[in-house]
Structures are given as C-alpha cells and as structure tokens.
Amino acid sequence: MADWINTIIQGILIGGLYAMFAVGLALIFGVMKLVNIAHGDLIVLSAYVALIVTQSLGLNPLVSLVFVVPIMGLIGYILQRGLFNRTIGNDLLPPLLVSFGLSVIIQNGLLELFSADNRRLLAGPIEVATIKFSDAINVGVLPLLQFVLAVLVIGGLQALMFRTAIGRSFRAVSDDPRIAQLMGLNNRHIFGLAMALSLAVVALAGVLLAIRANFDPATGPTRLIFGFEAVIIGGLSSFWGTLVGGVILGVVQAIAATIDPGLQILAGHLAFLLVLAFRPQGLFGRVA
Amino acid sequence: MLDAPLLKVRQLEAFYGDFQALYGLDLELKTGQVVAIVGANGAGKSTLLNSIAGLMATRPEAIELAGERIGGKAPYQIVAQGIALVPEGRRLFPSLSVEENLVIGGHMKRPGPWKLARIYELFPTLAERRHHPATALSGGQQQMVAIGRALMSNPRVLLCDELSLGLAPIVVRDIYAHLRAIIADGVAAIIVEQDIQQALKIAGHLYCMLEGRIVLHGAARSLTRESIAAAYFGV
Amino acid sequence: MTVAALTIVRATPSTRLGLVFIASLVAGLLSAPLWATTDALRLLIDIFLYVALACLWNFLAGYAGLVSVGQQAFVGLGGYGLFALSAKAGIPPLLCVPIVGLAAALLSIPIAGLLFRLRGAYFAIGSWVVAEVFRLSAILLTPLGGGSGMSLPARIAQSVGRAPHDRFVAVYWTALALLLGILVIIFLALRSRTGLALTAIRDNELAARSNGVNVGRTKLIVYVATAFGTAMIGALIFLQRLRISPDAAFSVNDWTALVIFMVVIGGLGSFEGPILGALIYFLLRETLANLGPTYLMVLGAVAILVMLLAPRGLWGLVRSRWQIQLLPLQLRVIPLTKH
C-alpha cells in the first residue's frame, strides 16, 4: 500500500515538470497559434547550456538556472523574431515545417558537439535528501521542490496573463492580431516575448528534469510529446489544466513503470490516446 | 502655416494581390476639421482608412502627417504619431473586459486629455459595465468602447469606419451626438459612412468615392443632393 | 484586344515532350537489371523507395493538408509485418508486401478516427505519438527480437532469389512496379473528382467545405491510401536490408525528416516536386562525403530556407521561370481567336 502511495506521489511530482513543458507549448499556441515542433529539443538544449555553465563556472545546476533561464529566453526571442515570425500567416505548413527543420538541426548539432553519450546534471546532496512523512512514505526534497516550482510558475503565468499589461497584450494579439497593431502593439515583439517566456519556463523544467533523468541529444522529441500530451489531456482552457494533464501523465507513467519499466512511456501515450478517443476536448476544457 | 493640412494623402494606391483597390487618391484634412467619405460598398472607403492607419502597404510619400511622411510605417508606429482607427464592425477584443479594451487603447501612453476617467465621463454606461467582457455589451455600447479605445491613444486624427453599421437609428443618433462632443474638443476626424445624411450633418467637407477613385469632393454645404447621388452611383 | 473564345486544355507542348521523356525513362529503368551492376541496382532501389515515400508524403501533406510526422509508423509496420509473416508464418516475402499494405490500410482507419480530432500542428504531433506507440510496442515483441530486433532468416531471403544479385533483381522489379503504381494512382487521383476536391482543400479548406466538398471523407481516403503505400514501401525497405529493429523501423529521421526535406526542397504540393527533391537528395548523397549529423543539419537548414524564400520549392521555381510541367495536370485557359 505504502509502495503505491510512494509511486503515486512520485508521479504527481514529476507531473509538475511535464506541466511546465506543456505550459510553454500552451502559451505560444495561445498567443500566436504556433506549435513549435522543436520545443522538446530546446528543452534538451537548455540542459546542455546548464551542463556548460555548471562545468565552466563550477556551479550547482540549481544555481546555474540564474544564467540558463535568461539565456534560453533570449534564444527564444531571437528565434521568434529571426525565424518563426517569418512563417506566421494563414498557412499552417510553414511554421510546422520550419520548426521541424529546427528540431532536426538542434538534435544533430548537439550530437556533433556533445556526442550521443548520456548525461546528467549533478546537484549534490539535495538529490538524495528526503522528507519522511511516515515510516513508509518518503518524499524526495528535489522532486518536491520541482513540483512547488511548477505550481508557482503556472500560477505566476496565469496571473501574468490576466493581471498584467503584458498579459493583456498577449490576449489582445491572440484575439485579433490585425486590430492589436492599431493599439500600438508591435505583434512581432509581442510574439518574441511570448516565445522568450515559453523557453524561459521550459529551461527551468528542462534543467530540473536533467538533474533527475539522463538526457542525450535524441531525447527532445519525447519531451515535446510529454508536454503535448499534458496539454491535450488537460484541455486548452487554462494553464491549470496543463498542471492536471501533467500530473495525470506523471502518475500513469509512474504506475506503469512499477509494473514493467518498458511500459512507462507507452502507458503515458496510451492514456493520451484514450483521452483523445473519449474526451477529445481534454479533461478540463475545450480544444481550441 | 496654421492653414497647412494636418493630414495629407497624395496619389495613394492600394492593392490586394493583383487587384488594385485605390487609384491615385488625394485628400486633405486640417486641424479640427471633419471630413466625411461616402460611397457604395466596395468603393474603397475602408481601404483608404486602413491605408492611413498603416494596415496596407503604401509608398512613404503617399501619406503625410503634419509634414512628416508616414506612408508605409507599421500600424503601431502610426498610432504613436497620433492616428487612431475605429475599425469597421468595432472589432473589440473578446477575451478582454470593457476596461481592459479601453486601457489597451492607451498602450502607447501618448500624452493628452483622454484618460480612462474621461472616457467613463463621456460614456457613463461603460463605467457601470467596466468588468464585463467587452463582447457581452449591446452593439451601441460596443461602439462606445471602440470609440473610447481609439481615444485612449489621444489621437490627433480619428478615423471612424462605418460607426452606424448594424445599429438601430436611435443608437446611431446617440453615437453621433457623442462624436460631435469629441470633435468639439479639437480632434480632426475622417468619417466613413454609407448613410449620406448622417455624414452631411457632422462633416464640413465631403469626399465621394467610386471604384477606388474620388469622383467628387467639396464643402458639404456646396454640394447638392443630386450631385452626390450621381457621384455615389456613378451615373 | 478582345478574346472571342476560350478553350481549356491540360496538355501543352512541354507536357507532350514530358510524356515522351517519361516513357523512355521507364523503358530504360525496366531494362536496368539486364545491364546494371548489383551496386547500381541497390542504389536505384533506394531511390525508388525514397521517391515513393516522398510522393506519398506529399500526397498527404501537400494536397490533403495532413502534415504527418509519424509516417514512420507505417514504414515500420510494413517492415515488421513482412518479417513476421515471412519468418513466422512462412508466407513468401513478396506476397507479404500487398498483405502488409492492406493490414496497414485497415489499421489506419481507427488511427485516423483518433488523429483527425486534432487540428493542424497538433495532428502532426499526434501522428508522432502513434508512431512512438508502435515503436515501444515493437520493443515488447520478444518473438520478433524485442529491442534489438531480428534478421530475416537466410532461407527466406533466398526464397526471393538464390544469389544476392537475383534477390536484388526481384526487389528491384517489385520496387519499380510499386513506385510506378503509386505514381499512376496519385496522378489519376489528382485528375479525378477527388483531386479537384484535394486542390480545393489545399487552397482553402473553408471554401471547399462550403462548396460541398466532403473534406473529412476526402482526407480519410488520402490518409488510408497513403498508409497502404507507405507500409508496402516499408516492407520492401526491410526486405532489402534483411535486418529490422524498432529504432530503425520507426526512425523519425530516416522515414519522415529526410522525406519531408526532400518534398519541401523539391516542391510541396506539386506532382513533380517530391521526385525532384528525392533525386537532388541522392545526387548530393552520392557526390558529397558522408558527413553524418552535419548532413541532416544542412538539409534541415536548406529546407527551412526554401520554405521561407520559395515555398513552392525548386520545382515551383522551375515552373514559374519556364512555364513548364512534365505531366498534364494543370488546366490552362487558352484564347482561341483574337481580334
């Protein structure tokens, strides 16, 4: 029994990371109807940036976030203004194919630079620290910290979207990009900010996951798919939906992994397909 | 220099792909003046306003504001220069509240008399419904939000596209009464209207468009009903 | 000048010349086993299979607007189907090819039922998830070698042709026949009512819908037909390789990324574009040294540039520059008399 509770807690906590991947996708889809196929590879890229920062400056990966998050935000802004903005229009093929091309470029670029070796970020004693809730139920400090950060990030994004000037601009551009320009909004800049924010969030999640799980240049697509599944499972109505989606995905994976490690990821995919079959609008909303 | 036009449109052309919508248009607007543009559907009235607002590509010298070339600039740069458009069909942001719609109109923070409080003074019903979603309002109230949203940028030139579209006559009269008060405050305006009567009541100067060209213009007073009708229908 | 009368034609001098060219090319290719070396045959088979994959993906994405990044699901399914049926059920390998195609087509119907609930780019990622489900399931299939895969038993390979050269000839004929079949079917489909519907969907889905085009049904037909063809090609790919593993069979890079780049570079949404794109790819691959990952990066970058600067691809440039097309697919309005 306690084993099951531990497993479910594990799943919930890792679900927070998936939710952060998802919220990054949901944000840019919401603002500019862009689905970035390279999302997962950018998540992995953030882990490699953290690897360089930790190795060259001798920092703990958690501290390296101070550098990695703004670096990825900047990369996001540049990518959007330099590349994705040129693809935005009525035709959905250009953004899709350009981001797919970018995905392949990042993957193979990382392969050239870092080889196909498995890596992990080492965070020191915090990795094994646990909090004891009862004799049988232990919760790792790091997973707990990750989950708390995920909740804060998602709550923060929700507040940013509905309570700040930039959130207002995001919604206005999303509603009607043509008219938004008449308010004095430079859509290209707004799109750039949305992508910067998206990548800043996934950089945080990408680094946190890289402390817990191995990564290599080819892991990007899996990260993308986890985020995507969390978005669809949760429904596109609010950022909190992605948290629920991420947690469900995490729990399903954790339970399947205790049955057979080979089933872990497959079970997550199947859960997603089940939701698609029986509740395509997601568990908590409508498909936009 | 006092008489120099505030807004000058010279030899303006506009295209949708291969289709030419405007052919060498000339138009002038002086400070404090109200110009009406009338014409049948498809004459190019909205295209003219959209071109001035920067939504259509134009040559730099085609549009001048206070002597400065603004043709071809991006819409957000043109708002900053002091031209605001109330678009056809109002086009409020559905996911923003009434107040958010107004506030975002003032995004550029151009200095001037129009602040949120003053908009609410002008349209008290909006103050009561400030936290409602903008699209939950009646058509007339939505038009008020659209006008208020444009005013929040403290424009020198206000462009109004078909304010009466889809509104009951009594609501249209109310909207135009408000517009008169706004104009009395000193803002210049170009008003596109299919309703010639409404246009003649408010504008000092009238331009009549047909198939992308200006076919008649002059002081509203000097034009006869027959000459306008002839120009309107191209007979 | 006033035009008194108009006529509408498909054939133009360039398409007539094109047909002559195509006929002689096909004749040359049909006779290749008589004169080509085993290595040349191997290369030609590779080219046929990739041209076929490119044309199929283009049919799906360029015409029906279904941008799948999960076509490796059907390539792998075809490959695994062939290995399972021939090695475990004793069915002759070449007979397995149409059988796995049919199986994939049947399976693609419920998959479409799920994926068609997702729009645009979400459809793309959804199709990828399905391919991953296939890959992860293949890892669990211990009778077929699990994660490390399996080789085709020698006796089965030999049943196709006793000497390696004979086997290549047999695979060559099959691949060429399959490619020609796929090209002819796509060509006829594009000229049929379905083709008209597809062109309408490609240009404006909303307008097509309001003009009575059954968009959902048309897309389903294309999806199922593409699955059918892709799985048969997959079966041949692994019949030639004689070895299969989950990672190779369901590789997104090999069976989708490369194919997408070929189509985009050659010309998305035209009949000739994907063929041109695949030929350019092989020309580069055979002349440049194998640069490994750099190669894919360069291809990806070129595809991005083409997408941004010339969205109709190289064939689109050729066509607009010289007004030519090889096949009579486009209707032209020609003035009959002038005054």
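The values are calculated or read from the model by the stated rules, or taken from the named source; none is laboratory data. Treat the numbers as computed from the prediction; the structure is a model and nothing was measured. Don't worry about glycine lacking a Cβ; one is built from the backbone with ideal geometry, like all the others, and counts go over all protein chains shown. Note: areas computed on protein heavy atoms with side chains; ligands, DNA, RNA excluded. Shrake-Rupley method; radii C 1.70, N 1.55, O 1.52, S 1.80 Å.
Can you tell me which residue in the stretch B:43-73 is nearest to the other protein chains (Cβ to nearest Cβ), limited to those that are among the aliphatic types (A, V, I, L, M) and touching a Lys or Arg at 6+ places or on another chain (Cβ under 9 Å)? Outline the logic, then answer.
Taking the stretch B:43-73 first, the residues among the aliphatic types (A, V, I, L, M) are B:43, B:48-49, B:52-53, B:55-57, B:62-63, B:65-66, B:70.
Right, trim to touching a Lys or Arg at 6+ places or on another chain (Cβ under 9 Å) and you get B:43, B:55, B:62-63, B:65-66.
Numbers: B:43: 21, B:55: 7, B:62: 19, B:63: 15, B:65: 15, B:66: 18 Å.
Across the stretch B:43-73, the extreme among qualifying residues is B:55.
Would a scan of the stretch A:129-146 turn up a residue that is closer than 20 Å to residue A:231 by Cβ, open to solvent by less than 50 Å² (accessible area, probe 1.4 Å) and at pLDDT 95 or above?
The first filter runs over the stretch A:129-146 and keeps only residues closer than 20 Å to residue A:231 by Cβ, leaving A:146.
Next cut, open to solvent by less than 50 Å² (accessible area, probe 1.4 Å) only: A:146.
Remaining after also requiring at pLDDT 95 or above: none.
Looking for residues that are closer than 20 Å to residue A:231 by Cβ, open to solvent by less than 50 Å² (accessible area, probe 1.4 Å) and at pLDDT 95 or above, one finds none in the stretch A:129-146, hence no.
Could you please let me know if residue A:35 is closer than 20 Å to residue A:148 by Cα and crowded, with 22+ Cβ neighbours inside 10 Å? Can you show your working first?
Values: closer than 20 Å to residue A:148 by Cα: no; crowded, with 22+ Cβ neighbours inside 10 Å: yes.
In short, no.
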Next item on the list: Using the structure shown, decide if residue C:111 is at pLDDT 90 or above, within 14 Å of chain A (Cβ to nearest Cβ), open to solvent by less than 10 Å² (accessible area, probe 1.4 Å) and more than 25 Å from residue C:48 (Cα to Cα).
Entry: no
Next item on the list: Considering every residue within the stretch A:70-86, establish whether at least one is among the charged types (D, E, K, R) and at pLDDT 95 or above.
Entry: yes
Margin query: The conditions are (1) within 13 Å of chain B (Cβ to nearest Cβ); (2) buried (at least 21 other Cβ atoms within 10 Å of the Cβ), and residue A:163 fails exactly one of them. Which is it?
Written below: (2)
Checklist line | Verdict on residue C:70 being within 14 Å of chain A (Cβ to nearest Cβ), outside any helix (DSSP H, G or I), farther than 17 Å from residue C:170 by Cβ and open to solvent by 10 Å² or more (accessible area, probe 1.4 Å) | finding: no
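Go through the stretch B:147-169 and count every residue that is part of a helix (DSSP H, G or I), under 14 Å from the mean Cα position of the chain (by Cα) and either closer than 15 Å to residue A:184 by Cα or not aliphatic (A, V, I, L, M) (or both).
So the first thing to find is which residues in the stretch B:147-169 are part of a helix (DSSP H, G or I), and the list is B:147-151, B:169.
Checking which are under 14 Å from the mean Cα position of the chain (by Cα) leaves us with B:147-151.
Among the residues that remain, those that are also either closer than 15 Å to residue A:184 by Cα or not aliphatic (A, V, I, L, M) (or both) are: B:148-151.
Number satisfying all stated conditions: 4.
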Margin query: For the stretch A:68-99, give me each residue that is in contact with a Lys or Arg (Cβ under 9 Å, 6 or more places away or on another chain) and either part of a helix (DSSP H, G or I) or more than 7 Å from chain C (Cβ to nearest Cβ) (or both).
Written below: A:80, A:81, A:85, A:88, A:94, A:95, A:98
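If a residue must be open to solvent by less than 10 Å² (accessible area, probe 1.4 Å) and under 17 Å from the mean Cα position of the chain (by Cα), how many such residues does the stretch B:55-66 contain?
So the count comes out to 2.
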Next item on the list: For the stretch A:231-288, enumerate the residues that are facing chain C (nearest Cβ under 10 Å), closer than 21 Å to residue A:146 by Cα and touching a residue at least 24 places away in the same chain (Cβ under 8 Å).
Entry: A:231, A:265, A:268
Note to self: So, in the stretch B:48-102, how many residues would count as being at negative phi and either assigned to a loop (DSSP other than H, G, I, E, B) or among the aliphatic types (A, V, I, L, M) (or both)?
What the structure shows: 32
Item checked: Options A:208, A:224; residue that is open to solvent by less than 20 Å² (accessible area, probe 1.4 Å), over 21 Å from residue A:123 (Cβ atoms) and either in contact with a strand residue (DSSP E or B) (Cβ under 6 Å, 6 or more places away or on another chain) or away from chain B (no Cβ under 14 Å) (or both) -> A:224
Check: Given the residues C:155, C:117, which is the only one that is under 30 Å from residue A:91 (Cβ atoms) and either surrounded by fewer than 16 Cβ atoms within 10 Å (Cβ to Cβ) or modelled with pLDDT under 95 (or both)?
Finding: C:117
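Would you kindly identify the helices (runs of 4 or more DSSP H) lying entirely within the stretch C:118-219 that contain at least 3 residues that are touching a Pro at 6+ places or on another chain (Cβ under 8 Å) and within 14 Å of another protein chain (Cβ to nearest Cβ)?
Numbers: elements: C:120-140, C:154-160, C:164-191, C:193-203, C:205-210.
Qualifying helices (runs of 4 or more DSSP H): C:120-140.
Quick check on the stretch C:270-304: of everything there that is assigned to a loop (DSSP other than H, G, I, E, B) and within 19 Å of the chain's Cα centre (by Cα), which residue is nearest to residue A:37 (Cα to Cα)?
So, considering only residues that are assigned to a loop (DSSP other than H, G, I, E, B) and within 19 Å of the chain's Cα centre (by Cα), the one nearest to residue A:37 (Cα to Cα) is C:270.
Within the stretch C:270-297, which residues are facing another protein chain (nearest Cβ under 9 Å) and within 25 Å of residue C:319 (Cβ to Cβ)?
Filtering the stretch C:270-297 down to residues facing another protein chain (nearest Cβ under 9 Å) leaves C:292-297.
Answer for the stretch C:270-297, where residues must be facing another protein chain (nearest Cβ under 9 Å) and within 25 Å of residue C:319 (Cβ to Cβ): there is none.
Looking at A:122, A:65, A:102, which one is under 18 Å from the mean Cα position of the chain (by Cα), away from chain C (no Cβ under 14 Å) and either of a type in the set (A, V, I, L, M, F, W, C) or in a loop (DSSP other than H, G, I, E, B) (or both)? I'd like the intermediate steps shown before the answer.
Values: A:122 fails: under 18 Å from the mean Cα position of the chain (by Cα); A:102 fails: away from chain C (no Cβ under 14 Å).
Going through A:122, A:65, A:102 in turn, the sole match is A:65.
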Note to self: Can you name every one of the helices (runs of 4 or more DSSP H) wholly within the stretch A:132-221 that holds 3 or more residues which are under 30 Å from residue A:112 (Cβ atoms) and not aliphatic (A, V, I, L, M)?
What the structure shows: A:187-212
Margin query: Pairs needed: first member in the stretch B:81-97, more than 9 Å from every other protein chain (Cβ to nearest Cβ); second member anywhere, open to solvent by 10 Å² or more (accessible area, probe 1.4 Å) and hydroxyl-bearing (Ser, Thr, Tyr); C-beta distance under 7 Å; at least 6 residues apart or different chains.
Written below: B:88/B:46
Check: Does residue A:49 fit the bill of being away from chain C (no Cβ under 11 Å), part of a helix (DSSP H, G or I) and open to solvent by less than 20 Å² (accessible area, probe 1.4 Å)?
Finding: no
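Just to be sure, is residue B:105 in contact (Cβ under 8 Å) with a residue 24 or more places away in the chain, touching a Leu at 6+ places or on another chain (Cβ under 9 Å) and within 14 Å of chain A (Cβ to nearest Cβ)? First the steps, then the outcome.
Details: in contact (Cβ under 8 Å) with a residue 24 or more places away in the chain: yes; touching a Leu at 6+ places or on another chain (Cβ under 9 Å): yes; within 14 Å of chain A (Cβ to nearest Cβ): yes.
The answer is yes for residue B:105.
Could you run through the stretch C:221-269 and say how many residues are part of a helix (DSSP H, G or I), among the small types (Gly, Ala, Ser) and more than 12 Å from chain A (Cβ to nearest Cβ)?
Initially, the stretch C:221-269 is screened for residues part of a helix (DSSP H, G or I), giving C:221-241, C:246-249, C:252-266.
Going one step further and asking which of them are among the small types (Gly, Ala, Ser), we end up with C:225, C:227, C:229, C:231, C:234-235, C:248-249, C:257, C:266.
The next check asks that each one be more than 12 Å from chain A (Cβ to nearest Cβ); those that pass are C:225, C:227, C:229, C:231, C:234-235, C:248-249, C:266.
Total satisfying the criteria: 9.
Filter the stretch C:227-268 for residues that are charged (D, E, K, R) and over 16 Å from the mean Cα position of the chain (by Cα) and give the result. First the steps, then the outcome.
Step one: of the stretch C:227-268, the residues charged (D, E, K, R) are C:241, C:243, C:247, C:254.
Matches in the stretch C:227-268: C:241, C:243, C:247.
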